[in-house]
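Just below is one structure, and these are the notes that go with it.
Read-outs throughout are calculated quantities, based only on the coordinates presented, and are distinct from any laboratory measurement. What you see is a predicted model; the values in this text were computed from it and never measured. So basically every Cβ, Gly included, is an ideal-geometry build from the backbone, and we count neighbours across all protein chains shown.
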Amino acid sequence: MNTTSQLLPICLSLTAAFLGAWAQYFYKIAALKLYEIPIYKNLHLIAGLLSFTIVLILFIYAFRIGGKMFVIYPIYATTYIWGGFIAYYLIKEPIGVWQIVGTSLIILGVISISLGTNN
């Protein structure tokens, strides 16, 4: 795969980021129920583990087809954004001004890195 064909690895990394955010959500819910449900019966914990397993597979495949680490990992930083949306909408956690500023910087950085994959 040449340097201009990072589109599929980028898409795989974005998918991994989205699934990684869901894994974090599942872990948070699992942690809240840790004393009520044994670990081996905690379905949220199992869902988190499965989600991160899929994330690992997506990363391995993205690297296998020529994904660059300097492209893939910064795009994976969007996990923070997806996690923020999940926390805001499902858990009703507040979002402050500095979270919005930080999220905007992450988005600008990801766009910059994605546009620069031809170099």
Notebook entry, point to check: Shape call for the range 80-119 from the C-alpha gyration tensor, a ≥ b ≥ c root eigenvalues: rounded (a/c under 1.5), prolate (a/b greater than b/c) or oblate?
Noted result: oblate
Check: Where is the GNM fluctuation largest for the chain (alpha-carbon springs, 10 angstrom cutoff): Tyr73, Tyr25, Tyr35?
Finding: Tyr35
Check: So what's the angle, to the nearest 10 degrees on a 0 to 90 scale, between helix 7-32 and the longest Cα principal axis of the chain?
Finding: 10
Check: Once label points are set 7 Å from the Cα along Cα→Cβ at both Arg64 and Leu49, what is their separation, rounded to one decimal in nm?
Finding: 2.3
Margin query: With the crude spin-label approximation of a point 7 Å out along Cα→Cβ, what separation in nm comes out for Ile37 versus Leu108?
Written below: 4.1
Notebook entry, point to check: Spin-label point model (7 Å from Cα, Cβ direction): what's the Glu93 to Ser5 distance in nm?
Noted result: 3.9
Note to self: Largest first and in whole Å, what are the equivalent-ellipsoid semi-axes of the chain based on the Cα gyration tensor, each being the root of 5 times an eigenvalue?
What the structure shows: 29, 20, 7
Next item on the list: Compute the long axis of helix 97-115 from its Cα atoms, compare it with the longest principal axis of the Cα atoms of the chain, and write down the angle in degrees, 0 to 90, nearest 10.
Entry: 40
Check: By how many degrees, between 0 and 90 and to the nearest 10, does the Cα long axis of helix 43-64 differ from the longest principal axis of the chain?
Finding: 10
